[in-house]
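Scroll down for the structure; my scribbles are underneath it.
Only the coordinates and a few stated rules stand behind these numbers; no lab work does. Keep in mind it's a predicted model, so treat the numbers as computed, not measured. Neighbour counts run over all protein chains shown; Cβ positions are idealised from the backbone, glycine included.
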Amino acid sequence: MSRRFILLIAALCALLALPAFASASIVYEGWTVASANNPLYMAGDDGANVTKLPVTGQFPRVSPNGAYVSYEKVINTKTGASQLHFLTVATGADVNTKVSCNGSVWAPNSSAIACVTTQTTGVIKGIGLDTVTTTGTVSIIVPSVGFEVNGYSWSPDSSTVVWGQTPFASPDVNSALRALPADGSGAVMKLGKGFKPTWGPSKIAFSRRTRVVILGGTTFEHSQIWTLDPTIGASSAKVLTAYPAKGFVIGPDPTFWTPDGTKLVGQIVGQDYIQPMYVTMNGKVHAFGPSNAGVSGVSADGTQALISANLMGGGNQPVYASPLAKVASSLLLKKAWEASSTANWQP
């Protein structure tokens, strides 16, 4: 038997030995206990071929290319303190960054995540923003003292992060929108007022809130979605929606762009209320999918959303594939907390 043939057989065996979840596109937490490390799972596009990952933790997020899963490993069950980890899906290699950073949002090129930071001891004095690469390199975007970060997103080329910030404990209803290279270098770009920015193929969508008086004198906030062109800046900001929010419903909240940039997908939010919705570029807001649910991902062709339901308690959290139309949703998973999907997810 030739050496070349032996090497070929060895390579084939290595490929066959890769975990069955290497091509999976949904990741989620099998929640059992709060403030503890729970089992993490991956599944295929349709929720089938469920496989348990070789680590435990919380808040898993699969990278757009499916190569990595970021998650938080609880290190103190009394305080809930955690450290950020990166799991390489194909090999099972796990990197502990030793950083406490929550709310992972992946760069489109899967090289890093953006996440928020707080002081790990003492009284909280701010909420900052970092980027962390899959090898554990940290760049501080907003210090964790003196500020409060309200939403963040990546540019399509993964070079820049946009976020909303206010002075810590500020009464302002809107944040100051800012953008900076992901390594923390260069000058901060000032993009006007707003919060929860979502960077799409060509525009940044965000919300602006106004204070209103309802129900005999109660002060509340209603919001609309705006967009701006980042190549122009704050002067290009335009209101997109004219949603007639009433009572304790705040309004539409953008989370994802469809890949072609023709729709925004997110939620209509309010007090004890959350409903999936999408917005077309003519400003019309369309509710879809189950109620008491939020959007966890968008399909590669932009026609469906990954929906996590039963968000406000009451038992298990099922996950659906919900068309952006008046069509019935398809149940994918019955018990799946903190679901996320790859960029090529297509049910």
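Phi angles across the range 68-84 convert, under the Karplus curve 6.51 cos²θ - 1.76 cosθ + 1.60 with θ = phi - 60°, into 3J(HN,Hα) values of 10, 10, 8, 7, 10, 9, 5, 10, 8, 5, 6, 9, x, 4, 9, 10, 7 Hz, Gly and Pro given as x.
Over all directions, the projected convex hull of the C-alpha atoms in the range 62-176 averages 7.6 nm² in area. Simple point charges give the picture: +1 on the Cβ of Lys and Arg, -1 on the Cβ of Asp and Glu, and for the chain a dipole about the Cα centre of about 180 debye. Its Kirkwood hydrodynamic radius, worked out from the mean inverse distance over all distinct Cα pairs, puts the range 274-347 at 12.4 Å. Across the range 101-235, the fraction of Cα-Cα pairs farther apart than 21 Å, rounded to a whole number, is 42%.
The stretch between VAL123 and MET312, if pulled fully straight at 0.36 nm per residue, gains 65.2 nm over its current Cα-Cα span.
In whole angstrom, the range 155-262 maps to an equivalent ellipsoid with semi-axes of 27, 17, 10, each derived as √(5λ) from the alpha carbon gyration tensor and ordered largest first.
On full extension, the segment bounded by SER185 and THR51 gains 44.2 nm, given 0.36 nm per residue less the C-alpha separation. Counting only Cα atoms, the size of the range 200-347 along its three principal axes is 42, 40, 25 Å, in decreasing order. Each helix, a run of at least 4 DSSP H residues, gives -39500 (n - 2.57); summed and divided by the residues of the chain, these come to -1500 deg cm²/dmol at 222 nm. Length gained on full extension, ASN344 to ALA34, computed as 0.36 nm times the residue gap minus the Cα-Cα distance: 108.5 nm. Across the range 186-197, rounded Karplus estimates of 3J(HN,Hα) from the backbone phi angles (6.51 cos²θ - 1.76 cosθ + 1.60, θ = phi - 60°) give x, 8, 6, 8, 9, 10, x, 9, x, 8, 6, x Hz, Gly and Pro being marked x. Near the amide H of TRP226, within less than 5 Å, lie the amide hydrogens of PHE206, SER207, ARG208, LEU240, all on another chain or at least 5 residues away, with H placed in the peptide plane.
Hull volume per residue, based on the alpha-carbon atoms of the range 163-206 and their convex hull, is 82 Å³. Debye-formula intensities of the chain, expressed as log10 I(q)/I(0) at q = 0.10 Å⁻¹, are -0.62 (one equal scatterer per alpha-carbon, no solvent).
Per-residue Karplus couplings for the range 235-246, computed as 6.51 cos²θ - 1.76 cosθ + 1.60 with θ equal to phi - 60°, are listed in order as 5, 8, 5, 9, 6, 9, 9, 9, 5, x, 5, 10 Hz, Gly and Pro entered as x.
Which residues among the range 166-180 fall inside the zone where the amide N is under 14 Å from a point 7 Å beyond the Cα of THR210, along Cα→Cβ? Flagged as within label range: 174. Proximity of backbone amide H atoms, modeled 1.01 Å from N, is registered between SER175 and GLY194, PHE195 at under 5 Å, excluding neighbours fewer than 5 places apart on the same chain. For the chain, the longest principal axis of the alpha carbon atoms and the long axis of helix 3-16 meet at an angle near 40°.
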